[in-house]
Amino acid sequence: MTKARLFRLSVVLGSVFMILLIIVYWDNVGTAHFYLHTSFSRPHALGTPPTAAQDEDHEGLLDVDEFLEKLLSSGLRQNGPLNRKMEQAPLQGSSRPVLGNLEENVRGYDWSTRIARVSLDQEKLQAERRRTLREFCANSSFAFPAKERSFDDIPNYELNHLIVDDRHGIIYCYVPKVACTNWKRVMIVLSESLLDQGIPYRDPLDIPREHVHNSSTHLTFNKFWRRYGKFSRHLMKIKLKKYTKFLFVRDPFVRLISAFRSKFELENEEFYRRFAIPMLKLYSNHTNLPTSVSEAFRAGLKVSFPDFIQYLLDPRTEKMAPFNEHWRQAYRLCHPCQIDYDFVGKLETVNEDAAHLLQLLNVDRLLHFPPSYRNRTASSWEEDWFAKIPLAWRQQLYKLYEADFVLFGYPKPENLLKD
């Protein structure tokens with residue numbers, strides 16, 4: 001019996017080794033560079049430990065996990081000196097971007113210099129944010145959709161917001177309307193996933209916006225299945241265990257206002273066709289609408305904020321398709337009860353949080369986080385924007401986004417939920 005098990009194990013390990021050799025030599029994403037040098041990556045418990053009653057096939061899979069983990073650790077030892085040398089590279093001079101994109105023209109950049117220092121207060125703040133997240137994820141009396149499922153139960157297509165940088169051992173879950181354009185730029189620079197005339201970008205602001213949001217630019221978890229087949233979930237779990245994982249969030253209602261301003265107050269052909277036309281027909285009783293957004297704007301046909309809120313609350317909306325990522329809840333994008341994040345940043349403190357994070361990642365000498373926008377949607381605008389929204393709608397909207405408020409420590413907006 002023992003010999004048979006050893007034989008099966010050797011066959012499994014041999015097959016895995018051959019597959020990994022192919023990956024190492026032929027994969028063009030660079031995932032063979034399994035070196036990690038973040039200052040606070042650490043192992044996390046990923047579920048209930050296996051029991052003796054589990055079958056032999058499952059034991060074989062655990063052996064595969066152990067083998068892959070050893071390979072990762074081996075990569076760390078082999079590639080560590082290269083990384084240290086790279087970390088010492090001098091910072092490249094920053095140049096202001098050409099603001100050709102309408103959205104960035106409207107917003108404008110804030111070029112004021114802000115010096116943020118890592119302090120005990122920052123450490124305490126992170127500990128508090130992560131503690132809040134863990135406590136409410138573990139609280140059985142606080143329920144929301146998909147909270148209790150395991151990481152294995154998350155479909156691949158729902159993992160498309162987890163961007164992986166294998167060069168530095170970082171995983172970033174991006175939430176649209178939460179500085180994700182600039183964090184994606186940072187990830188491109190770190191992972192060297194995009195070249196300019198054969199040379200990797202060094203300054204995040206040099207990267208054109210259209211390339212930043214091109215999905216082919218980034219290695220995300222949902223692409224693992226195509227590359228690694230049945231080993232994809234094992235690789236994901238190992239990276240989640242070894243790599244530093246971070247996300248940035250924002251007050252949920254302010255994020256909705258920002259999404260509305262960005263996608264419906266500016267001319268956006270895609271969002272006009274996909275969302276504005278149905279909203280105008282359903283909630284404003286318009287017919288025979290123009291086919292282009294420019295014609296609609298000239299005719300004064302724009303989605304109102306109440307139309308947008310009604311669309312979010314309409315039960316028919318998600319029966320047709322999941323929320324668009326710009327207004328989908330952060331917990332649905334980043335799965336914080338299934339993934340133990342090492343760092344939780346907030347847009348409200350983005351300058352301090354970004355400086356803190358880059359130092360913790362040991363990459364602050366390679367780049368700086370790009371400056372923020374001057375006219376970013378402010379929390380103080382909430383009352384004005386929601387003034388014409390019926391109280392019942394506001395209360396329903398809060399229930400829809402309550403998990404984001406609670407998990408990420410945002411206070412309940414009592415002033416909007418009472419007469």
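The values are calculated or read from the model by the stated rules, or taken from the named source; none is laboratory data. Because the structure is a prediction, the values reported are computed rather than measured. Cβ sites come from the backbone with ideal geometry, for glycine too, and all protein chains shown count toward neighbours. What goes into the accessible areas is simple: the full protein's heavy atoms, side chains included, and nothing from ligands, DNA or RNA. Shrake-Rupley method; radii C 1.70, N 1.55, O 1.52, S 1.80 Å.
What to note about this one:
- Estimated FRET transfer efficiency (GLN395, ALA299; beta-carbon r; R0 41 Å; 0.05): 0.75
- Size of electric dipole in the range 114-213: Cβ of Lys, Arg +1 and of Asp, Glu -1, about Cα centre, debye, nearest 20: 440
- Cβ-derived FRET efficiency at R0 41 Å, ASP196 paired with GLU402, nearest 0.05: 0.40
- Karplus 3J(HN,Hα) series, Hz, for the range 258-271 with 6.51 cos²θ - 1.76 cosθ + 1.60 (x for Gly, Pro): 4, 5, 4, 4, 6, 9, 10, 8, 9, 6, 9, 4, 4, 6
- Computed from the Kirkwood radius of its Cα pairs, the Stokes-Einstein diffusion coefficient for the range 123-278 at 25 °C and 0.890 mPa s stands at 136 µm²/s.
- Cut-off 13 Å between beta-carbons: net charge of the residues surrounding ILE199, Lys and Arg +1, Asp and Glu -1: -3
- Kirkwood-based shape ratio for the range 309-386, expressed as Rg/Rh from alpha carbons: 1.07
- Table column - 3J(HN,Hα) (Hz), the range 184-198, Karplus curve with 6.51, -1.76, 1.60, x for Gly and Pro: 5, 4, 4, 5, 5, 4, 5, 7, 6, 7, 9, 10, 10, 6, x
- Dimensionless Rg ratio for the range 259-362, taking C-alpha atoms and the 2.2 N^0.38 Å reference: 1.41
- The accessible-area ordering, largest first, of the residues LYS412, LYS242 stands as LYS412, LYS242, per a 1.4 angstrom probe.
- Counting 0.36 nm for each residue step from GLU414 to ARG5 and taking away their Cα separation leaves a gain of 141.0 nm.
- A Förster distance of 56 Å, applied to the separation of the beta-carbon atoms of ALA127 and ASN288, puts the FRET efficiency at 0.45.
- Long-range amide H partners of ILE163 with built H, under 5 Å: TYR172, CYS173, TYR174
- Derived scalar couplings ³J(HN,Hα) [the range 124-138; Karplus, 6.51 cos²θ - 1.76 cosθ + 1.60; whole Hz; x for Gly, Pro]: 5, 4, 5, 4, 5, 4, 6, 5, 4, 4, 5, 5, 6, 5, 8
- Straight-line reach from LYS184: taking Cα to Cα under 23 Å and skipping same-chain neighbours fewer than 8 places apart, the lysines in range are LYS223, LYS237, LYS239, LYS241, LYS242, LYS245, LYS263, LYS346.
- Taking amide H as placed 1.01 Å from N in the peptide plane, the amide H of LEU266 sits under 5 Å from none that are at least 5 places away or on another chain.
- 18 Å tail of the calculated P(r), the range 183-241, as % of Cα pairs: 43
- Amide hydrogen neighbours beyond the local backbone of LYS346, cut-off 5 Å, H modeled: VAL249
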